[in-house]
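Chemist: This structure is in structure tokens; I'll ask about it shortly.
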Amino acid sequence: MTYVQKFPKPGPRRRKSARPTGPAEATIQAQVELYLRLKQVPFIRLPDALMRGIFASYHIPVHQKKIIAEYLRGLPDVMVLKPDGRYCKMLPLELKTEVGKLTQSQKHWQTKINTIVVRNVKDACAEIDNFLSL
């Protein structure tokens, strides 16, 4: 008795999705952060590693993780600060790639605090410079 291996008939080929040609979101974030540091502009950014560390930790109870997630989910990637007397003005920036989409929680924050969505480093730097010149 001989063994004959049967190969399935080739079906229609799946088209590969178009990959973004620009830099990744993490690269854009790093470049904007470097720009802010070089200009010595105060800013707030919650690193992704911090969030992963919080949710991967076994020492933080699950109910506390849910509370943390509820308050931090969707926050802008970078919040540029500008001291103005006793108070501080803030420019919230959401950094996305050319094809990146906002999540529901990011859209919520966008409507509440007028988050500006920028798609590349050049646009982010222009928004920052415009904000600082006001």
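Each value in this text was obtained by applying a stated rule to the coordinates, not by laboratory testing. Owing to the predicted nature of the structure, the values given are computational and were not obtained by experimental measurement. Here the Cβ is made from the backbone with ideal geometry for all residues, glycine too, and neighbour counts use every protein chain on show.
Chemist: Can you list residues whose amide H is under 5 Å from residue 117's amide H, if they're 5+ apart or on another chain and H is modeled 1.01 Å from N?
Modeler: 94
Chemist: May I ask which of 65/107; 39/65; 66/122; 65/96 have a Cα-Cα span longer than 29 Å here?
Modeler: 39/65; 66/122
Chemist: Could you work out [θ]222 nm for the chain from helices alone, using -39500 (n - 2.57) per DSSP H run of at least four and dividing by all its residues? Round to the nearest 500 deg cm²/dmol.
Modeler: Roughly -13000 deg cm²/dmol at 222 nm, from the helical runs in the chain.
Chemist: If packing is taken as the average count of other Cβ atoms within 10 Å, what order do 58-64, 31-37, 110-116 fall into, highest mean first?
Modeler: By packing density, highest mean first, the sequence is 31-37, 110-116, 58-64.
Chemist: When each pair of different Cα atoms in the chain is counted once in the 1/r mean, what is the Kirkwood radius in angstroms, to one decimal?
Modeler: 18.0 Å
Chemist: Helix 121-133 versus the longest principal axis of the chain: what angle, 0 to 90°, nearest 10, using Cα atoms?
Modeler: With both axes taken from Cα atoms, the answer is about 10 degrees.
Chemist: Can you give the angle from 0 to 90° between the axis of helix 104-113 and the longest principal axis of the chain, with both taken from C-alpha atoms, to the nearest 10?
Modeler: 10 degrees
Chemist: By how many degrees, between 0 and 90 and to the nearest 10, does the Cα long axis of helix 62-72 differ from the longest principal axis of the chain?
Modeler: For helix 62-72, the angle is close to 60 degrees.
Chemist: For the stretch 25-133, what is the percent of antiparallel DSSP beta bridges, rounded to the nearest 5?
Modeler: The antiparallel fraction comes to roughly 75 percent.
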